[in-house]
Amino acid sequence: MVQPAGELYTNLTVCAMDGVLMESLEEQGLQPELTGEQLEVILELLARQTGLPLFDAYKESCVKRRVAARIRRSGCLDVEQYLHLLQEDGGERERLLTSLSIHVSQFFRNPTLFEALQTVVLPMLVQCTADRPLRIWSIGCSAGEEPYSLAILLVEAYGEQAAREQFEILATDIDRTTLAQAESAWYEAEPALRGVSAARRERFFTEQDGSFKLRPAAQQLVKFRRMDLQLVDCYPQADLILCRNTLIYFNRPAQEKILQALADILPQDGILVLGKSESMPAPLRTRFATLDPTERIYSRR
């Protein structure tokens, strides 16, 4: 989802703004009336077409607002007309999938977290994985800003060749469009590069016609893959997992299931990073120790 230039939102804020928008539409009599049963039919159709068990664990209120907004934007007069459109138009299915996926990011978002990663977490993990590459997983990577920020840190700290040999960064998202953008590694200055210093822009980006292309030194460290986070059996092995501002879009049972699966793939003393608006559920506290409560950094017990 493209955000207005100069504005950044967490997933929680985006959902809240969706609510304001749809309340305004309700007042004007323009919001499609979407029942729980109709929502289930739409999501089942979408899952059948994509082959992924999508959105059944997502917070219903937020999903319903987004589907209703998509119906309105499609020009359909009612839900039944939209169901017919979904069945006939693969392009609309992709547009709905994109609208249900929240993609908000920028390079070095929450700078204090990246300082902690650079000065504490990464050196600690490097010592624990001296005989093999250190595996990093960026979940909900959007257009690649987070994993590429990590790649920049690694090149700065260890050098280009050592970073290639010592680290493996996997970045996953459910949306094909943003993954394609991530693989292209082209960005606009605002808002994506707002947190990138002039020195880093000079070293790691090439400017062309007002856009910026990430240079191979960092780009080649990251591999991208499409993945639904609910498919826990597909999780890759990792030593450091960044799962920031993703869990808040799921209901509590799904959050706990995902976190249990993340704990299963992390080795002892492996690191999990959550978003600032997220917290560790009580049932998971026996599996994770808190390293940095401010930055939401946890160590696998």
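All of R109, R93 fail the test of being basic (K, R), within 30 Å of G75 (Cβ to Cβ) and crowded, with 16+ Cβ neighbours inside 10 Å, apart from R93. In the range 73-87, what count of residues is obtained for those that are of a type outside the set (F, W, Y), closer than 14 Å to I42 by Cβ and assigned to a helix (DSSP H, G or I)? Final tally of qualifying residues: 9. Put simply, of S99, S105 the only residue that is small (G, A, S), closer than 18 Å to R296 by Cα and touching a residue at least 24 places away in the same chain (Cβ under 8 Å) is S105.
For the range 151-204, enumerate the residues that are at pLDDT 95 or above, in contact with a helix residue (DSSP H, G or I) (Cβ under 7 Å, 6 or more places away or on another chain), in a strand (DSSP E or B) and of a type outside the set (V, I, T). Within the range 151-204, F167, A171 meet the criteria. Does A151 satisfy being within 30 Å of L240 (Cβ to Cβ), free of Cβ contacts under 8 Å to residues at least 24 places away in the same chain and of a type outside the set (K, R)? The answer is no for A151. With respect to E278, is the statement that it is in the same structural domain as E115 (by TED's automatic domain parsing), part of a loop (DSSP other than H, G, I, E, B), under 18 Å from the mean Cα position of the chain (by Cα) and closer than 22 Å to S61 by Cβ true? Here the answer is yes, as E278 does meet what is asked.
Looking across S105, S99, one residue alone is of a type in the set (S, T, Y), under 24 Å from S277 (Cβ atoms), under 28 Å from the mean Cα position of the chain (by Cα) and part of a helix (DSSP H, G or I). It is S99. When A218 is tested against (1) over 17 Å from the mean Cα position of the chain (by Cα); (2) surrounded by fewer than 20 Cβ atoms within 10 Å (Cβ to Cβ), exactly one condition is not met: (2). Per the listing T172, T178, the residue uniquely crowded, with 20+ Cβ neighbours inside 10 Å, over 30 Å from A130 (Cα atoms) and not aliphatic (A, V, I, L, M) is T178.
Can you work out which of the residues in the range 129-138 that are surrounded by fewer than 24 Cβ atoms within 10 Å (Cβ to Cβ) and in contact (Cβ under 8 Å) with a residue 12 or more places away in the chain is nearest to the chain's Cα centre (by Cα)? The qualifying residue nearest to the chain's Cα centre (by Cα) is R135.
The values are calculated or read from the model by the stated rules, or taken from the named source; none is laboratory data. Remember, it's a predicted structure, so these values are computed and weren't measured experimentally. For neighbour counting, all protein chains shown are included, and Cβ atoms are generated from backbone atoms with ideal geometry for every residue, glycine included.
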